[in-house]
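Report on one structure; see the data block that follows.
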Amino acid sequence: MHNDTTPRGDDDSGKTVSTSQTSRSAAAEAMVNSYAGRQMPCLHLKTFHEIGDAFATRTIRAGAKVRPLNYSTWPLPDFPIPSGGAVYDIYDYVARNRIAGLMVMKDDEVLLEH
């Protein structure tokens, strides 16, 4: 098994490629396929669950002033979302655009968290 700095081999350019670069390239390709709609739902979910494989990430600790979110007791009102010459509700828009997560807030309250 190789670690991130162990040379894996040569790519088409003749440069040495590390395992980290290879897995990042595969993860980036999965991301492109996911956005293009060329992945089954289970792979789409896996792609976004393992997003750190496609992008450099780091942990940022919370600041000193952390407070809980307030959740609205009111349902999210219906509102039109124009996109590509058509109009969708929030649910169809999310499904058609392969959105992995969504939070809607208004007046310091969470109206929808998905």
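None of the figures in this text is laboratory data; all of them are computed from the coordinates on show. Computed from a prediction, not measured in an experiment: that's the story for all the values here. Note that each Cβ is placed from the backbone with ideal geometry, even for glycine, and that neighbours are counted across all protein chains shown.
Of the residues making up the stretch 92-114, those that are of a type outside the set (A, V, I, L, M, F, W, C), under 24 Å from residue 38 (Cα atoms) and surrounded by fewer than 12 Cβ atoms within 10 Å (Cβ to Cβ) are 101, 114. Restricting the first member to the stretch 95-108 and to residues that are charged (D, E, K, R), and the second to residues that are assigned to a strand (DSSP E or B), the beta-carbon pairs closer than 7 Å and six or more apart or on different chains are 96/88; 108/70. Considering the stretch 67-91, the residues that are of a type in the set (A, V, I, L, M, F, W, C), in contact (Cβ under 8 Å) with a residue 24 or more places away in the chain and in contact with a strand residue (DSSP E or B) (Cβ under 6 Å, 6 or more places away or on another chain) include one that is surrounded by the fewest Cβ atoms within 10 Å (Cβ to Cβ), namely 69. When the stretch 43-63 is limited to residues that are closer than 22 Å to residue 94 by Cα and of a type in the set (Val, Ile, Thr), the one that is surrounded by the most Cβ atoms within 10 Å (Cβ to Cβ) turns out to be 47. In the stretch 32-42, of all residues being free of Cβ contacts under 8 Å to residues at least 60 places away in the same chain and under 17 Å from residue 94 (Cα atoms), the one that is surrounded by the most Cβ atoms within 10 Å (Cβ to Cβ) corresponds to 39.
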